[in-house]
Structures are given as C-alpha cells and as structure tokens.
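J.: Encoded as structure tokens, here's the structure I'll be asking about.
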Amino acid sequence: QVQLVESGGGSVQPGGSLRLSCEVSGAPGGFFVFNIVNWHRQVPGKERELVATATTRGTTTFVDSAKGRFTASRDSAGKTGFLQMNSLTPEDTAVYYCSGNVWTPRLGSVDYWGQGTQVTVSS
C-alpha cells in the first residue's frame, strides 16, 4: 500500500529550526515520482490550513506569518518532499501533514495524505 510518511517533527525552542521530510513508502519496485508536495498544519479547535506547496512550477508559502520562514521543496528526483521551518514561534505548534500527488507505474497519479507529525515550539 502506497503511503506518505512524515518525519522530522519534534520539540524545539522558539527561534529554532526544523526540517520536515515527506517520503513515499510502499511503491511497487520502489519507483515513483512525487509530483506535488503540500504541507498542511492543524491545531486543536481549528481547521487544517495549507502552509506551503512545492511543484514543478516552484514553491509557494501560503500562510502570511510563515512567509520568509517556511519553505517547501522537492528533491531533484522527485523522491522526497521537505518543509524547512526557521525562526519557529509557539504559534507554529501544530500537527503538520504532508499530502501530494504521487505517480507509480501500477496506479498512475494518485493523491495521498500522511499521518502527520507533531511540531511543538515552546520554552
């Protein structure tokens, strides 16, 4: 079963940095192309919001407060997605989810979601 797996979350002090990774698991033969990588976040009591996206067109950060601090990216081979988060603040605390479009020979292009990774920013 093809799945997305986030990693790199954890606890960090304000002003610190984290880099989240989003990897594809379960692709038959290990061959796949991660066409689009989206990063979302959600805090309790609030709706999930799209934070940043990396596509073949480039990268976009959608949350105003994260612009200049958060950058989504894909490696050149389209195998891994990343979210670089700098100058973290407590307001960035959330569960961060990766979603994206993944192409595999068997299934073609399919959208997937990861399980999420917790990011906690506190003193």
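J.: Got a sec? Which of G78, G45 is part of a loop (DSSP other than H, G, I, E, B) and over 16 Å from the mean Cα position of the chain (by Cα)?
T.: Going through G78, G45 in turn, the sole match is G45.
J.: Let me ask you something else. Checking R69 against (1) open to solvent by 70 Å² or more (accessible area, probe 1.4 Å); (2) modelled with pLDDT of 90 or more; (3) among the basic types (K, R), which test does it fail?
T.: (1)
J.: Filter region 27-53 down to residues that are in contact with a Gly (Cβ under 7 Å, 6 or more places away or on another chain) and modelled with pLDDT of 95 or more, then give me how many there are.
T.: 1
J.: Does at least one position in region 60-67 carry a residue that is in contact with a Phe, Trp or Tyr (Cβ under 6 Å, 6 or more places away or on another chain) and either assigned to a strand (DSSP E or B) or touching a residue at least 12 places away in the same chain (Cβ under 8 Å) (or both)?
T.: Yes, the conditions are met somewhere in region 60-67.
J.: Separate question: Which of the numbered conditions does S87 fail, given that it passes all the others? Conditions: (1) out of contact with any Asp or Glu (no Cβ under 8 Å at 6 or more places or on another chain); (2) small (G, A, S); (3) at pLDDT 95 or above; (4) outside any loop (DSSP other than H, G, I, E, B).
T.: (4)
J.: Could you go through region 9-24 and let me know if any residue there is of a type outside the set (V, I, T), outside any strand (DSSP E or B), in contact with a strand residue (DSSP E or B) (Cβ under 7 Å, 6 or more places away or on another chain) and loosely packed, with under 13 Cβ neighbours inside 10 Å.
T.: Checked against the condition, which is being of a type outside the set (V, I, T), outside any strand (DSSP E or B), in contact with a strand residue (DSSP E or B) (Cβ under 7 Å, 6 or more places away or on another chain) and loosely packed, with under 13 Cβ neighbours inside 10 Å, region 9-24 yields at least one hit.
The values are calculated or read from the model by the stated rules, or taken from the named source; none is laboratory data. This one's a predicted model, so the numbers in the text were calculated from it and none came from an experiment. Neighbour counts run over all protein chains shown; Cβ positions are idealised from the backbone, glycine included. Areas reflect the complete protein model, heavy atoms only, side chains present, ligands, DNA and RNA absent. Shrake-Rupley method; radii C 1.70, N 1.55, O 1.52, S 1.80 Å.
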